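Coordinate-derived values only; no laboratory data. On a predicted model such as this, the values are computed, not experimentally measured, just so you know. All Cβ positions, glycine included, derive from the backbone under ideal geometry; neighbour counts span all protein chains shown.
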């Protein structure tokens with residue numbers, strides 16, 4: 001028995017010695033480990049991981065930004081974590097350069113989505129400041145559709161006036177994702193408020209032209225274009241949308257309905273099928289130029305409280 005205890009003690013000593021000899025992680029390893037927790041959505045580990053990395057690299061703006069994101073996503077949510085995140089973002093937002101712009105955008109998103117009592121007015125002001133500061137930056141452009149959505153649905157403004165005013169952004173956005181999101185907000189809003197089906201169709205076409213990465217959203221946009229164009233008498237546009245839908249989304253549950261709609265248009269009399277004849281222009285994805293969007297821009301989703309029309 002004494003020999004057994006002696007061997008056990010020796011094994012434990014060797015194990016402890018090996019652990020003590022393990023090298024400390026490098027600064028780069030600590031930083032990579034912190035970012036990995038966010039990438040892998042291990043949010044419970046993110047805050048301590050970023051705290052450890054910042055202890056080594058306190059001047060790192062990127063790690064400070066990641067730490068704020070970790071605080072905002074940590075569960076359960078707490079007012080203390082949100083306040084810490086906002087304070088960290090406020091400090092970063094005051095700095096020039098890319099990190100400052102990223103922090104401004106995140107502060108606006110936090111005001112819109114992460115506060116215990118979301119503050120749409122505060123979010124709108126922060127979006128406006130970012131847009132005014134760097135209007136051509138991708139994050140400032142991404143802020144435009146979010147600001148438009150807030151003005152139409154959540155700030156107590158006249159929604160039709162806000163919708164009409166928002167049209168001025170159509171020719172100013174160059175970032176594809178911002179264009180897509182902007183046009184989607186506009187299309188849905190025109191439909192929801194029954195303001196202008198023709199304008200809604202133009203914005204849906206612009207959404208399609210800007211490109212959609214999510215197949216379900218792209219399918220809904222095509223279905224919406226086809227239905228709206230058919231109802232408005234733009235037979236060629238409807239047919240083009242239905243054909244694209246069948247080609248790109250053959251497994252979608254709406255395929256049977258789309259086939260029926262297309263067959264009805266194919267067999268319609270020339271007078272009905274050509275109710276609104278328009279020519280097809282190059283570069284318009286096969287859709288008639290007569291109702292193609294005046295700007296190659298894209299749509300975005302309405303806020304959570306806003307209705308969801310087809311075409312996400």
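Given a Förster distance of 22 Å, report the FRET efficiency between residue 246 and residue 213 from their Cβ-Cβ distance, rounded to the nearest 0.05.
0.60
For residue 52 and residue 260, the difference between the fully extended length at 0.36 nm per residue and the C-alpha to C-alpha distance is 68.8 nm.
Given a Förster distance of 22 angstrom, what is the FRET efficiency for residue 91 paired with residue 29, based on the Cβ-Cβ distance and rounded to 0.05?
Numbers: r = 26 Å, r/R0 = 1.18.
E between residue 91 and residue 29, to the nearest 0.05, is 0.25.
Three principal axis extents describe the C-alpha atoms of region 80-237; from largest down they are 55, 30, 27 Å. Panel values: region 81-167, Kirkwood radius from alpha carbon pairs, Stokes-Einstein at 37 °C and 0.692 mPa s, translational diffusion coefficient 249 µm²/s.
Its residue count N sets the reference 2.2 N^0.38 Å, and the alpha-carbon radius of gyration of region 154-275 equals 1.13 times that reference. Relative intensity of region 19-159 on a log10 scale, I(q)/I(0) at q = 0.12, 0.16, 0.17 Å⁻¹, equals -0.53, -0.86, -0.95, per a Debye sum over C-alpha point scatterers of equal strength in the absence of solvent.
Take the Cβ-Cβ distance between residue 99 and residue 45 as r, set R0 to 35 Å, and report the resulting FRET efficiency rounded to the nearest 0.05. Let's see the in-between values first.
Numbers: r = 23 Å, r/R0 = 0.67.
Efficiency, rounded to the nearest 0.05: 0.90.
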